1. Please work out which residue is surrounded by the most Cβ atoms within 10 Å (Cβ to Cβ), limiting yourself to segment 298-315 and to residues that are basic (Lys, Arg) and part of a loop (DSSP other than H, G, I, E, B).
2. Please tell me if THR579 is surrounded by 15 or more Cβ atoms within 10 Å (Cβ to Cβ) and either more than 30 Å from MET753 (Cβ to Cβ) or in contact with a His (Cβ under 9 Å, 6 or more places away or on another chain) (or both).
3. Take residues that are modelled with pLDDT of 90 or more and in contact with a Pro (Cβ under 9 Å, 6 or more places away or on another chain) and tell me which of the helices (runs of 4 or more DSSP H) falling wholly in segment 1-93 contain 3 or more.
4. In segment 319-361, how many are assigned to a loop (DSSP other than H, G, I, E, B) and either among the β-branched types (Val, Ile, Thr) or in contact with a helix residue (DSSP H, G or I) (Cβ under 7 Å, 6 or more places away or on another chain) (or both)?
5. Take segment 206-228 and flag every residue that is crowded, with 17+ Cβ neighbours inside 10 Å and in a helix (DSSP H, G or I).
6. Yes or no: segment 627-640 includes at least one residue that is among the β-branched types (Val, Ile, Thr), assigned by TED's automatic domain parsing to the domain that holds GLY710, outside any loop (DSSP other than H, G, I, E, B) and touching a residue at least 12 places away in the same chain (Cβ under 8 Å).
7. Restricting attention to segment 592-605, and to residues there that are surrounded by fewer than 15 Cβ atoms within 10 Å (Cβ to Cβ) and within 41 Å of the chain's Cα centre (by Cα), which single residue is farthest from HIS548 (Cα to Cα)?
8. Confirm whether GLY588 is among the small types (Gly, Ala, Ser), surrounded by fewer than 20 Cβ atoms within 10 Å (Cβ to Cβ) and closer than 24 Å to GLY669 by Cβ.
Amino acid sequence: MASAENGSKEPDSLSAIVDAPFETALSERYLVYALSTITARSLPDLRDGLKPVHRRLLWAMRQLRLGPDTAYKKSARVVGEVLGKYHPHGDTAVYDAMVRLAQPFSLRYPLVEGQGNFGNIDGDNAAAARYTEARLTRTAMALMAGLDEGTVDFVPTYNNEEEEPLIFPGLFPNLLANGASGIAVGMATNIPSHNVDEVIAATLAVIDKPAIEHAELMQLMQGPDLATGGLIVDSPETISAAYETGRGSFRIRARFHAAEAASEQDREAGIERLGGGQWQLVISEIPYQVPKGKLIEQIAQVIADKKVPILEDVRDESDEQIRIVLVPRSRNVDPELLKESLYRLTDLETRFGLNMNVLDATRTPLVMGLKELLQNWIASQIDILQRRSRHRLEQIARRLELVEGYIIAFLNLDRVIEIIRTEDEPKPVMMAEFGLTDRQTEAILNMRLRSLRKLEEMQLRQEKDDLLKEQGELEALLADPAKQKRRLKRDLKTLQKDYAKTTDLGARRTTIAEAAPTVEFSMDAMIEKEPITVIMSQRGWIRAAKGHVDLTQEWKFKEGDELAFVFHAQTTDKLLIATDDGRFFTLGADKLPGARGFGEPVRTTLDIDNAAHIVAAWAHTPGERLLLASTPGKGFVIKSDDLLAETRKGRAVMTLKGDARLAKVAHIGEGHDHVAVVGDNRKLVVFNLEEMPEMQRGQGVQLQRYRDGGMADVTTFRLEDGLSWQMGGTGERTRTEPEMWQWKVARGGAGRMPPNGFPRDNRF
């Protein structure tokens, strides 16, 4: 089809096609792609700390003369310039990169000054490029200083129509100052921002003492200094180890600070006293790269899910300054406990992974420690200094050539004018007569008459002397590495003054303060202890009334339902629920619905089998012993702690065979030493509690032997006190039989008829 359309055109030649194994061809091309991604997109250059897209953005803005003292221009203009000349990628990606360079909460030292909506710390996006304006900051200008002084190489752009710098030569240590992050193919980088004052101090130390120990460097450079402040709470040893290898991580926490608090202690703890013993916590700084809006939503969700019951509310009262207010549920809440719980459950504490993977001067990706990184940066700045010096020497030599020609012309001014007036070709005559070079002669002939009249020998000779002096100094500088280091130190100290910690821009924002050892606490400790009365119906509807009310009062239930269990508890208690299939479930008493309605079905919270029936419910008492018994009359003793379940599926405790069901959970009272068991056959047996094994799971042993039926009830008691039971099953009257010796046998006996007056329902 193509050949028909082309008419007389020759078909494409196939001679360029090379037969190669697929795996080889694929690996070669993937390697090319990977290297391209690493070197031309994702990893920053050690020398200026920039990725290509950021470098091209700043270069385009410089070309548009968007300096810090000029008027703003539309961001769309800048993005279009970058796309058209230097970076043929998506406009969204380029604009997003530009926005980040302008955000003071993203960059420690912004390189772009934005006007308009460039996003905010809440996580909102910037306005479209057509609505915003931008220009360069003084920091960006410092980073690009020396571009016109022969300090760096320029390379052709993607279409060979323009040139762009390979790197920026400025003395501003941008890599460590602003950090960098990126994901390449098979590798990544993640470098936090640092305080420029500290970075320069560490750099000066490396210049003075190339063999400096890493520990000495860490005395000068504390650690990250993030745009949003906050606290780094890892130990100095952890931080130092990360910088020594170039890999590690830091824990970043929000800062609690109450500026209006009366006492210094409260200010630093972020506690605002409200009177009447009431107080609230104030967050003034949040971890780096955590959107404030999402953080507040996260805290609100934690409150809604009742994961932090001691927290009542969260409010965002921020304006230009961050102010997040946390309201505790009670004035008795421990502030530190509240903080620790939020550190665990929210992004008030995050982790920043350090990975100092950068491109060195040969464009090779390497993971460097702090000392190696500073040494490489110093070497690059020395190279830039040498290139600047050589470039200036060339300029001096060219100017000296012209100045010497001007001096000759001044000394022979009348003759020069005569030659220009009389000769048709004055250039060769002047060159032959005065020994001038072609360039000198052209400069004299191109000089305006006014300039020619203003030539003064003293000025020319002074300029020549000044140039010769500068030339000598530069030649001495290039010949002496020690002088080069001194010059670099002098320039760094000058820069350091602009970013000193005493200035608004240079003041350290992030505090390096090792946190106290984490206190291990149970989430239950955050529940406010209040008395409640738990009510559970036959159908498994559960609720809790406030306070310890009368257990005998009437309770309302759904039609056809009635009371099953009622008991006193505390909101801090764990409730244990036993079902006849031998499983035990755990439910937090603080999670029960109120008693105004009918409550909620317990099966919505716990995975209780629909065929299973609840046989017992009570508040867990640590260390308590219980006796479990099944319908066939088998059982064992178990500690209540072994019944606690961690999941909603509960814990399988009693093994049941055939039609056997868990029939009774008996609480073994203090000092109880005997067991009483009665069967459906109305036979009673009493035996020593010591005959019962203590187990964590199983079927148990035979308590009583039956020919027909099974076990009706079981209890424990003190033999010397006698066996008691409720008369009429109402609990209003209790009868006690003191002499139980005639029913006392070995475990597993058949038993005999109970004492006169024993309840007809065979229940104790």
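The values are calculated or read from the model by the stated rules, or taken from the named source; none is laboratory data. In this text, all values refer to a predicted model and were calculated from it rather than measured experimentally. Every residue, glycine as well, gets a Cβ built from its backbone with ideal geometry; the counts of neighbours run over all protein chains shown.
1. As a first pass, look at segment 298-315 and keep what is basic (Lys, Arg): 306-307, 315.
Among the residues that remain, those that are also part of a loop (DSSP other than H, G, I, E, B) are: 306-307.
Values: LYS306: 13, LYS307: 16.
Among residues in segment 298-315 that are basic (Lys, Arg) and part of a loop (DSSP other than H, G, I, E, B), the one surrounded by the most Cβ atoms within 10 Å (Cβ to Cβ) is LYS307.
2. Values: surrounded by 15 or more Cβ atoms within 10 Å (Cβ to Cβ): yes; either more than 30 Å from MET753 (Cβ to Cβ) or in contact with a His (Cβ under 9 Å, 6 or more places away or on another chain) (or both): yes.
Criteria met by THR579.
3. Output list reads 52-63.
4. Going through segment 319-361 one residue at a time, the tally reaches 8.
5. Once the filter is applied, which keeps residues that are crowded, with 17+ Cβ neighbours inside 10 Å and in a helix (DSSP H, G or I), segment 206-228 yields VAL206, ILE207, LEU217, MET218, LEU220.
6. The answer is yes, given that some residue of segment 627-640 is among the β-branched types (Val, Ile, Thr), assigned by TED's automatic domain parsing to the domain that holds GLY710, outside any loop (DSSP other than H, G, I, E, B) and touching a residue at least 12 places away in the same chain (Cβ under 8 Å).
7. Initially, segment 592-605 is screened for residues surrounded by fewer than 15 Cβ atoms within 10 Å (Cβ to Cβ), giving 593-594, 596-597, 601, 604.
Add one more test, that the residue is within 41 Å of the chain's Cα centre (by Cα), and what stays is 593-594, 601, 604.
Values: PRO593: 16, GLY594: 14, PRO601: 22, THR604: 26 Å.
So, considering only residues that are surrounded by fewer than 15 Cβ atoms within 10 Å (Cβ to Cβ) and within 41 Å of the chain's Cα centre (by Cα), the one farthest from HIS548 (Cα to Cα) is THR604.
8. no
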